[in-house]
Amino acid sequence: MIDGSGTILAQYPNHQDLIGRQFGDHPLVRAMLGQPEGLVTATALDGVRRIFGYIQLPGTQAHIAVGLDENEVLARVNREMWTALGEVSAVAALVLLGIWFGGERMLVRPIRALANTAGRIGRGNVNTRAAELPWAAEFIPLAVALDDMAGQLIAREQELRDSNSQLRELAQVDALTGLANRRTFNERLMAEWKLASKLRQPIAVLMIDVDHFKLFNDHYGHVQGDACLRKVSGVLMSATRTHADCSPPAHETEVPPSFQRMAGRARRSDFAARYGGEEFAILLQGADLETALQVAERLRREVENLLMAHAGVAWGFVSISVGAASVLPMEQDSPQDITEGADAALYAAKRQGRNRVVGSAPQTLSQAS
């Protein structure tokens, strides 16, 4: 505490040697006398640098100042500052962690899941349903769009499958009769030929021709001619041998088990095709000539029993001529030879008056050549 002239009236801590002395030129005293109140940082009378706050006592010329050690104040400020900085850093870390966790859960994971879904769709797994997964509201339109795209791909794939099926049917099936066409018959004959050669089993072919079909067409018209061919083809499909009719050859027990499994009893059924025009062909698996002639005669009788009127023949109804051939294929032989043999037998049936069955002598094609 100082008076109006700068004389020390009192001091704490108590320094008796300073009380009563005048320090008008001291920076602290000069600042206190210069204005009624304020703050100043200065070196105290005891030599310690302090931060002072001072004020003039009301109604007097005396001033009182209170000072705090500058180092202690700054140390406290530093502690508070570092404490605040630590708290801010902790809050920032928590905020960043929350942003990372929320972004990972709400943004990155959904985007990654959508990318995986799109990848599965791109790889052909179009049955994936993205909209069924739990999404944030912002991702639902994209998931629905992916599902729509997958649905369109499924529809397009089905269209392509249907188109391929139709093309395959057009390439393999005769449109008029519903039987296999000549190309399919030749492919089936080649496959059965190779298998019969390995299994050492006979194979037979029937070549069938509708007698005087041109006269039928000329007399009744092409519409009736097409109807006639459809009826004959129906007989060929229904009157050939079924699985139950076919018994395995006696020598089949000598066939290796692997070949028996390859052949399979269920395969023992006949294969009919429209060979061209009014001509048909039937492939008989595992049939010798006697069996082939029996099947051929049954087909001839069934067509005869249709009693379709035919004014162009002496007997007055539609009939067929059948040529049969059966061989035991060899690996060096060609399946074309058996069709030529059956075709030769068919022409023999026509020369003998038609409406009959003629078979070629059973032999291996190697012997025939």
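When the range 185-236 is limited to residues that are among the aliphatic types (A, V, I, L, M) and under 43 Å from the mean Cα position of the chain (by Cα), the one that is farthest from GLN172 (Cα to Cα) turns out to be LEU199. Close contacts from the range 17-39, counting a first residue that is under 15 Å from VAL66 (Cβ atoms) and a second that is of a type in the set (A, V, I, L, M) and loosely packed, with under 15 Cβ neighbours inside 10 Å, with Cβ to Cβ under 6 Å and a gap of 6+ residues or different chains, come to GLU37/ILE55.
When ARG301 is tested against (1) touching a strand residue (DSSP E or B) at 6+ places or on another chain (Cβ under 7 Å); (2) at pLDDT 90 or above, exactly one condition is not met: (1). Looking at the structure I just gave you, is MET237 in contact with a helix residue (DSSP H, G or I) (Cβ under 9 Å, 6 or more places away or on another chain) and either modelled with pLDDT of 95 or more or in the same structural domain as GLN294 (by TED's automatic domain parsing) (or both)? So MET237 fails the test.
Looking only at residues in the range 131-175 that are surrounded by 13 or more Cβ atoms within 10 Å (Cβ to Cβ) and either of a type in the set (Phe, Trp, Tyr) or at pLDDT 80 or above (or both), the one that is farthest from the chain's Cα centre (by Cα) is ASP174.
Among residues of the range 301-328 that are outside the structural domain of ALA204 (by TED's automatic domain parsing), none has a beta-carbon under 9 Å from a residue that is surrounded by fewer than 21 Cβ atoms within 10 Å (Cβ to Cβ) at least six positions away or on a different chain.
Say whether the condition of being of a type in the set (A, V, I, L, M) and at pLDDT below 95 is met by at least one residue in the range 318-325. For the range 318-325, residues of a type in the set (A, V, I, L, M) and at pLDDT below 95: absent. Counting the residues of the range 284-305 that are more than 17 Å from SER360 (Cβ to Cβ), exposed (fewer than 15 other Cβ atoms within 10 Å of the Cβ) and of a type outside the set (Lys, Arg) gives 1. Close Cβ contacts (under 8 Å, 6 or more residues apart or on different chains) running from residues in the range 211-222 that are assigned by TED's automatic domain parsing to the domain that holds ALA314 to residues that are of a type in the set (Gly, Ala, Ser) and in a helix (DSSP H, G or I) comprise PHE213/GLY225; PHE216/GLY225; ASN217/GLY225.
Summed over the range 21-60, the residues that are in contact with a Leu (Cβ under 8 Å, 6 or more places away or on another chain) and farther than 24 Å from ALA75 by Cβ give a count of 3. Residue count for the range 9-35 satisfying the condition of being of a type in the set (Lys, Arg) and either touching a helix residue (DSSP H, G or I) at 6+ places or on another chain (Cβ under 7 Å) or modelled with pLDDT under 80 (or both): 0.
Applying the condition of being assigned to a loop (DSSP other than H, G, I, E, B) and modelled with pLDDT of 80 or more to the range 36-46 and asking which residue is surrounded by the most Cβ atoms within 10 Å (Cβ to Cβ) yields ALA44. Within the range 47-68, residues that are part of a loop (DSSP other than H, G, I, E, B) reach partners that are surrounded by 13 or more Cβ atoms within 10 Å (Cβ to Cβ) and among the charged types (D, E, K, R) with beta carbons closer than 9 Å, at six or more positions or on different chains, in the pairs VAL48/ASP69; VAL48/GLU70; THR60/ASP3; GLN61/ASP3; ALA62/ASP3.
The values are calculated or read from the model by the stated rules, or taken from the named source; none is laboratory data. Just so it is clear, the model here is predicted, and its values are computed rather than measured. Here Cβ is always computed from backbone atoms with ideal geometry, including for glycine, and neighbour counts include all displayed protein chains.
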